[in-house]
Amino acid sequence: MGSSYKRLAIAGAAIAALIASAAFFGAASSASVAQSSSRMPSMSGRATSGSLAVRGTHLKAPQAPSVVLYDQYDNDSLNATSSQNFEADFDAFDDETADDFVVPSGDTWNVNQVDAAGQYFNGTGPMISANVSFYSDSSGLPGSQVATRPNLTVVDSGGSIVIAIPSAVVLTSGHYWVSVQANMDFGVGGQWGFEDRTVQSNAEAAWQNPGGGFGVCPTWGGRNSTCGIDPGVPDQVFRLSGTTGGGGPTCSGGPITINDGGPATPYPSTCVVSGLSGEVNDVNVTFTGLNHTWPDDIDMLLVSPDGQNATIMSDSGGSNDLIGCDLTLDDQASQVLPDFDQIVCPGSYMPADYEPGDPFPGPAPTPSGNVNLSTFNGGTANGTWELYVVDDAGADVGNIGDWSLNVSAGGPPPPPPPPPPPGWQIRAPMPTDFYGGAMSSDTGNRELHPAVCSECGKETQVPFRPTAGKPVYCRDCFQKRGSGGGGRPAGRRSPAYLD
């Protein structure tokens, strides 16, 4: 028995040791987890070791025909303000930093590249992609969103990034803001910050943290004055490049959220055209970053400033996912939107409505039944264009990063020229309008000679002496022959007339 008791005692001691060991390692593990979870994002930072080398990088000139449109890529403070879309666990800390610029009066900018000085802190990156958004100005802070370009590829040099914008953002003269936001998991790459600038141009930079994780500025506020981030360095370091003048869209409508089984947000989305003269002669619609898990659900109704409307896309694309699709609708495209097949992106298609009669809730007008964009030809170009988007079935959602219009307009055709004045003899070849030009010697007071119209026999007068064997016509018969009634070949020299 003693031996048995001893064996039991040894076994009990071993079990106790194992339990104690497990408790120790469990406690250590818990402490490690607690320490890891206690690391939280911060509003600003200084570069992680090694990242500051890029501060002296000289930016390359943009590739022609692009030029530098706006440049405040200077006076770097070496501090940076967080501007990041974090993973789900840190959604409350999603934040955005923006700075402003001015497009001069009379100019139009087509922005196709943003250069942003930046740095990584609380980690070494790199970011997966970047979101670039443009806003109108609202009393010295970002106002309504003008355009957004999400998930753009970046060329990354230790945090300073070059972002090409495949679908240029068109900005007419005015005061605007641009934000650059990194897409990166905090647990993997840490944080990215938009580099602060020691010199202020225009208004001070702005910052917001909609989720409230940082406890300040849930809406846009002055980064220095309101949010209290990095006092004394009021702006951000960035540069915009692109082209000027025409060549880009006429207007941009901004992002749209395609809700499940109902109207989108906003409803309608609007796009304001200005500065064109004459009537519409061509309209194209471009969607940038269109996403939807069942595009057959999408119905779109475009309405012009004078109330004309067309159902430009309805029940096309079947169940084939659209992911980051850049799509142009153009009457002159080589193919129509498919009914059930995949919509290939980027792509250009003619509009299509495969289930006419789908309803659009108010305030949308009753669909006219028109589909083609030529519906708007001859109408008003300038003013507010409206796009009504509806998801007509449940279980699938989507969004549009931006949409834009290319509208061409011009004056109506010129009126036909007036008839020749009395006393003129037509000696020039007659073009298709059959009036032609008259010699300068035909003007003035001329001696008139009696004649008889070779066509109708009416007596008339001509300012030359009729020649035997050559026909002479009165005014009415001459015009009938010129318009095809007498079969006069176009471009042939014509007999004279005079009443």
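The values are calculated or read from the model by the stated rules, or taken from the named source; none is laboratory data. In this text the structure is predicted, and so the values were computed from the model without any measurement. Every residue, glycine among them, receives a Cβ derived from its backbone with ideal geometry; neighbour counts consider all protein chains shown. Please note that ligands, DNA and RNA were not included when accessible areas were found on the heavy atoms of the full protein model with its side chains. Shrake-Rupley method; radii C 1.70, N 1.55, O 1.52, S 1.80 Å.
From a point 7 Å beyond the Cα of V67 in the direction of its Cβ, which residues of the range 227-247 have a backbone N at a distance under 11 Å? Flagged as within label range: 242-245. The residues of the range 248-292 expose, per residue, 34 Å² of accessible area to a 1.4 Å probe. Taking Lys and Arg as +1 and Asp and Glu as -1, the other residues whose beta-carbon sits under 14 Å from that of F214 total -4.
With the simple model of a label 7 Å out from the Cα in the direction of the Cβ, D74 to S368 spans 5.2 nm.
Just the accessible area per residue of the range 93-236, please: how many Å² with a 1.4 Å probe? Before the final figure, lay out the partial values.
Details: 4630 Å² over 144 residues.
For the range 93-236, the solvent-accessible area averages 32 Å² per residue.
Relative to the current alpha-carbon distance between I128 and A164, full extension at 0.36 nm per residue lengthens the span by 11.5 nm.
Using 1/(1 + (r/R0)^6) with R0 = 30 angstrom and r between the beta carbons of T293 and Q332, what's the FRET efficiency to the nearest 0.05? List each step's numbers first, then the result.
Details: r = 30 Å, r/R0 = 1.00.
Step by step, r from the Cβ atoms, then E = 0.50.
Please give the FRET efficiency for N320 paired with T226, using the beta carbon to beta carbon distance and R0 = 41 Å, rounded to the nearest 0.05. Present the calculation step by step, with values, prior to reporting the outcome.
Numbers: r = 46 Å, r/R0 = 1.13.
Efficiency, rounded to the nearest 0.05: 0.30.
In the range 316-387, the portion of solvent-accessible area held by carbon and sulfur atoms comes to 50 percent [1.4 Å probe, whole percent, DNA, RNA and ligands not counted]. Using R0 = 51 Å, the C-beta based FRET efficiency linking A393 and S138 works out to 0.85. Figure legend: label point modelled 7 angstrom from the Cα of N202 along Cα→Cβ; residues of the range 121-140 with amide N under 16 Å from it are 132-140. Using the Cβ of Y73 as centre and a radius below 10 Å, the other residues enclosed give a net charge of -3, where K and R count +1 and D and E count -1. Computed extension length for A92-N151: 19.3 nm, one decimal, from 0.36 nm per residue of separation with the Cα-Cα distance subtracted.
In the range 265-307, the portion of solvent-accessible area held by carbon and sulfur atoms comes to 51 percent [1.4 Å probe, whole percent, DNA, RNA and ligands not counted].
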